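Step one of this worksheet: look at the structure below.
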Amino acid sequence: MKNWLTSLCVAACLMSGSVYAEAHHGGAHWNYDDHGPAHWGEFGETCAAGKAQSPINILTNQTSSLEPSKSITLAESVNSNASIADNGHAIQATIDNGGKLTIDGIDYKLLQFHFHGKSEEMIDGKQYDLVAHMVHKSADGNLAVVAVLFNEGKKANPMVQKVLDNVGKTTSINPSELLPKQNDHYFHFMGSLTTPPCSENVKWYVMKEVQSATKEQITAMRHYYDHNYRPVQPLNGRAVESK
Ligand SMILES: [Zn+2]
């Protein structure tokens, strides 16, 4: 009995020792609470030092017309398997073989989409109930993210429902069903990842047509994370373009 207790103690002590080491030597995990956005500089220098961070508050009367070379051509209509999971910060659908968008002749392949509730982006100071971020990557490693905003309404969103119904599972999806019908109207700016390491040079496209999700859907999504949004960041003179 004494030996058993001793070995239990050794295991427990080692465990608490390693948790301590993690929490105090950079291995701790960032989150939206005790290791929240104000501390993210400890997890990624750019989160604190960057000058082109996301999200932002888009002031619609301070936008300029989109330069044609920055417009996006969307080709997201593919049927692909997606594994839907809680990634520890958001509910995410990781796409096996997604569609793509094209900017100035360069293809960016859809890798995953995930949800934040409330929205990270603001438009004229308004925060929305949910946002989906569709993360795309080019062959040379550059990122382009399409944001789709949701507000509570009477109409349920089929893709939000599909994601909610399949957390922890693999299912077949068509990512184009997440896009608004009018997907050629959007805001564009240069920004960053909204989570550590907050890397910059990310091309952001925020769809103007806000989608509807029901109160039940929004509540069900927020059941996982109810404040996984980073506060808006200073614009620092960046241009916001509008199409
Ligand atoms: Zn995101």
Practice task
Could you grab me the full set of residues in the stretch 130-158 that are away from the ligand (no atom under 16 Å from the Cβ) and either among the aliphatic types (A, V, I, L, M) or more than 24 Å from LEU101 (Cα to Cα) (or both)?
Solution key: ALA139, ASN151, GLU152, GLY153, LYS154, LYS155, ALA156
Handout entry: Index of the failed condition, GLY98 passing every other in (1) modelled with pLDDT under 95; (2) surrounded by 12 or more Cβ atoms within 10 Å (Cβ to Cβ); (3) over 30 Å from ARG238 (Cβ atoms)
Key = (3)
Exercise for the section: Tally the residues that are assigned to a loop (DSSP other than H, G, I, E, B) and of a type outside the set (D, E, K, R), restricting the search to the stretch 81-122. Expected result: 10
Practice task
Output yes when any residue across the stretch 82-93 is without any contact (Cβ under 8 Å) to a residue 12 or more places away in the chain and either over 18 Å from VAL160 (Cα atoms) or among the β-branched types (Val, Ile, Thr) (or both), and no when none is.
Solution key: no
Handout entry: Sole residue being under 28 Å from ASN166 (Cβ atoms) and surrounded by 17 or more Cβ atoms within 10 Å (Cβ to Cβ), chosen from TYR229, TYR224
Key = TYR229
Practice task
State whether the residues of the stretch 139-155 include one that is without any contact (Cβ under 8 Å) to a residue 60 or more places away in the chain, touching a Lys or Arg at 6+ places or on another chain (Cβ under 7 Å) and either of a type in the set (Val, Ile, Thr) or within 19 Å of GLU177 (Cα to Cα) (or both).
Solution key: no
Handout entry: Selection status of LYS126, more than 16 Å from the ligand (Cβ to nearest atom), modelled with pLDDT of 95 or more, closer than 20 Å to LEU149 by Cβ and not hydrophobic (A, V, I, L, M, F, W, C)
Key = yes
Exercise for the section: Only residues that are closer than 21 Å to ASN228 by Cβ, in a loop (DSSP other than H, G, I, E, B) and away from the ligand (no atom under 16 Å from the Cβ): list them for the stretch 159-195, please. Expected result: ASN166, VAL167, GLY168
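The values are calculated or read from the model by the stated rules, or taken from the named source; none is laboratory data. Everything quoted here is computed from the prediction, not taken from an experiment. In this analysis, Cβ positions are derived from the backbone assuming ideal geometry, glycine residues included, and neighbour counts consider all displayed protein chains.
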